[in-house]
Each structure stands twice: as structure tokens, then as C-alpha cells.
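What follows is a short report on a single structure.
The values are calculated or read from the model by the stated rules, or taken from the named source; none is laboratory data. None of the values given here were measured: they were computed from a predicted structure. No Cβ is skipped: glycine too gets one built from the backbone with ideal geometry, and neighbour counts run over all protein chains shown. Just so you know, the surface numbers come from the protein's heavy atoms only, side chains and all, with ligands and any DNA or RNA stripped out. Shrake-Rupley method; radii C 1.70, N 1.55, O 1.52, S 1.80 Å.
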Amino acid sequence: MAPTYDHPGERAAADPIRLLAIRDTPLSLDEVFRAVGDDAAGGTALFVGTVRNHDGGADVDALGYSSHPSAEAELRRVAEKVVADYPVRALAAVHRVGDLTVGDLAVVVAVSCPHRAEAFDACRKLIDDLKHEVPIWKHQRFSDGTEEWVGAC
């Protein structure tokens, strides 16, 4: 889908990809939200992924995320595809690695577009492709002493 614009001559920002990171420090909703601020955007969609206390019927005590050295490059590739397919004014995505506990923020992504429907669609595409294509793995530890690795987020 090629970007569409409301007014003749309207163009997207020079680089709508404002923030991409894989971090071992706590994530900030405010930082991501500020990164996608744009006066030409009428809609901003933000998704927050948190560590939940269960998975597949088992109680989760904690988990850890690890990433391949290519993860940031793959995150950029995913972001560039979303920017190419939607009328994105600004985009941001950050993912946490390291040990996390229940309730911690694991991933935060946001997209601003001229209209809300585009923002929702672009944000969903961003998080879905991040989860399926960026080499980040989750190591879950369950309260019964078992553990499990889950590929690509």
C-alpha cells in the first residue's frame, strides 16, 4: 500500500523512524510517545507489551529476553517496511532484554499517521512483524520449576 496524503504536495517527515532500540534498561512510555509526536498526525497508536503472570496455563515467575546481534538491524528493516506501506508521520519501537519480572514493560511501539485507522493498522503491523521477524528470544521460568524458550519474542 503506497502512502496517501490529505493535501497535494504533502510529504512525510524526512525520517519518520524516530526511535529504535534494544535495551537492557527499563522502557519509558513517555519517551516513545514523545518520539512519535508530529503536528501533521491526527492519530497516534501505542502498544505496550508487559510480562504477564501466566502462559499456557502455567504460572510465570520471571523471564529473560535475549537478542541476536542483528536484532537492531532487523528492527530497522521491519520499521522501514511499515513506513513504506503506511502513511507514517513518525514511528518508534523499543524492546527490553535481560531479566524481567511480572508487570515489567517488555516492548513499546508507537506510530503516528494522518488518521486513526492508519495509525492502528501501522502499529499492529509493526508489533506483529517485530514479534515474528526480529531475533529476540524469551526464556520463561515457571513456578513449578520448569522453563521454556520461546523464539522471536
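Things worth noting here:
- Among (1) on the phi < 0 side of the Ramachandran plot; (2) part of a loop (DSSP other than H, G, I, E, B); (3) surrounded by fewer than 14 Cβ atoms within 10 Å (Cβ to Cβ) - the single one Gly103 does not satisfy: (1)
- Pairs linking a residue in segment 31-45 that is in contact (Cβ under 8 Å) with a residue 40 or more places away in the chain to a residue that is part of a loop (DSSP other than H, G, I, E, B) and open to solvent by less than 50 Å² (accessible area, probe 1.4 Å), with Cβ atoms under 6 Å and 6 or more positions apart or on different chains, are Asp38/Arg89; Ala40/Arg89; Ala41/Arg89; Gly42/Pro114; Thr44/Val36.
- Whichever residue in segment 49-77 is open to solvent by less than 80 Å² (accessible area, probe 1.4 Å) and of a type in the set (S, T, N, Q) and, among such residues, is nearest to the chain's Cα centre (by Cα): Thr50
- Members of segment 106-153 found to be of a type outside the set (A, V, I, L, M, F, W, C), open to solvent by 10 Å² or more (accessible area, probe 1.4 Å) and part of a strand (DSSP E or B), listed by number: Lys138, His139, Arg141, Glu147, Glu148
- Counting only strands (runs of 3 or more DSSP E) that fall entirely inside segment 8-92 and contain at least 3 residues that are under 20 Å from Gly103 (Cβ atoms) and not aromatic (Phe, Trp, Tyr), the qualifying elements are 43-50, 58-67.
Okay, residues lined up against (1) in contact with a Pro (Cβ under 9 Å, 6 or more places away or on another chain); (2) at pLDDT 95 or above; (3) over 22 Å from Gln140 (Cα atoms); (4) basic (Lys, Arg):
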site	(1), (2), (3), (4)
Arg34	no, yes, yes, yes
Asp39	no, yes, yes, no
Thr44	no, yes, yes, no
Leu75	no, yes, yes, no
Val83	yes, yes, yes, no
Val88	yes, yes, yes, no
Arg96	yes, yes, no, yes
His115	yes, yes, yes, no
